[in-house]
Amino acid sequence: MMKYEDSASLFIALQKRSRKYYLALTTATQDVQDFLSTDYGKAILSNSSIQMLLKQSPSEIDLVAKTFYLTLGEKQMLLSANVGEGLFFAGQSHVAMRVIAAPHEHGMITSNPRSWKR
């Protein structure tokens with residue numbers, strides 16, 4: 001959606017309007033560059049009250065670090081994070097986190113075919 005101005009514009013409008021109706025909007029991407037490369041994407045990030053960053057690629061880490069004001073330790077952590085590990089942001093606070101799915105959730109969310117119940 002962020003690649004096209006019309007859909008990105010709609011997305012930021014939805015984000016701003018949702019607060020008036022006490023709604024929460026969740027956005028997710030595997031490539032944070034999708035949001036950092038446009039003004040609409042930057043606006044969406046700046047209007048987000050909570051953010052999570054999981055493992056980052058070395059080619060993106062400097063831009064991510066600059067955008068999110070990461071320390072050297074936080075950069076290293078995101079470069080070496082395991083599945084489900086990352087940083088949780090709420091306001092100015094950055095906290096290391098690990099997401100662990102409950103067994104009944106794992107079957108619904110995994111994309112690993114070896115984990116699917118037959």
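Net charge around THR38, counting only other residues with Cβ within less than 14 Å of its Cβ (Lys, Arg = +1; Asp, Glu = -1)?
-3
What percent do you get for the relative contact order of the range 43-118 when only Cα pairs under 8 Å and 6+ apart count?
For the range 43-118, the relative contact order is 28 percent.
To two decimal places, what compactness ratio does the range 49-118 give when its Cα radius of gyration is scaled by 2.2 N^0.38 Å?
Against the empirical 2.2 N^0.38 Å value, I get 1.31 for the range 49-118.
Convex hull over the Cα atoms of the chain, averaged projected area in nm²?
9.3 nm²
Enumerate by residue number the chymotrypsin sites (Phe, Trp or Tyr not before Pro) in the range 33-94 meeting two conditions: DSSP loop (anything except H, G, I, E, B), and at most 10 other Cβ atoms within 10 Å of the site's Cβ.
TYR69
From the phi of every residue in the range 32-45, what ³J(HN,Hα) in whole Hz does the Karplus formula 6.51 cos²θ - 1.76 cosθ + 1.60 yield, where θ is phi - 60° and glycine or proline is x?
My calculation for the range 32-45 gives 4, 4, 4, 8, 7, 8, 10, 5, 4, x, 4, 5, 4, 4 Hz in order.
Order 103-110, 25-32, 60-67 from most to least packed using the mean count of other Cβ atoms within 10 Å.
Most protected by this proxy first, the peptides run 60-67, 25-32, 103-110.
Subtracting the Cα-Cα distance from 0.36 nm times the residue separation, let me have the gained length for TYR22 to MET1 in nm, one decimal.
Gain in length upon complete extension: 5.2 nm.
Straight-line reach from LYS3: which aspartates and glutamates fall under 17 Å, measuring Cα to Cα and dropping same-chain residues less than 8 apart?
ASP31, ASP34, ASP39
What ranking of TYR4, TYR22 emerges when the number of other C-beta atoms within 10 Å of each C-beta is taken as an exposure proxy, fewest first?
TYR22, TYR4
In nm, give the distance between the simple-model label positions of SER49 and MET97, each being 7 Å from the Cα along the Cα-to-Cβ direction.
The answer from the label model is 1.4 nm.
Throughout, read-outs are computed from the coordinates displayed, never taken from laboratory work. Given the structure is predicted, the values throughout are model-derived calculations rather than measurements. Note that we place each Cβ from the backbone using ideal geometry, even for glycine, and neighbour counts take in every protein chain shown.
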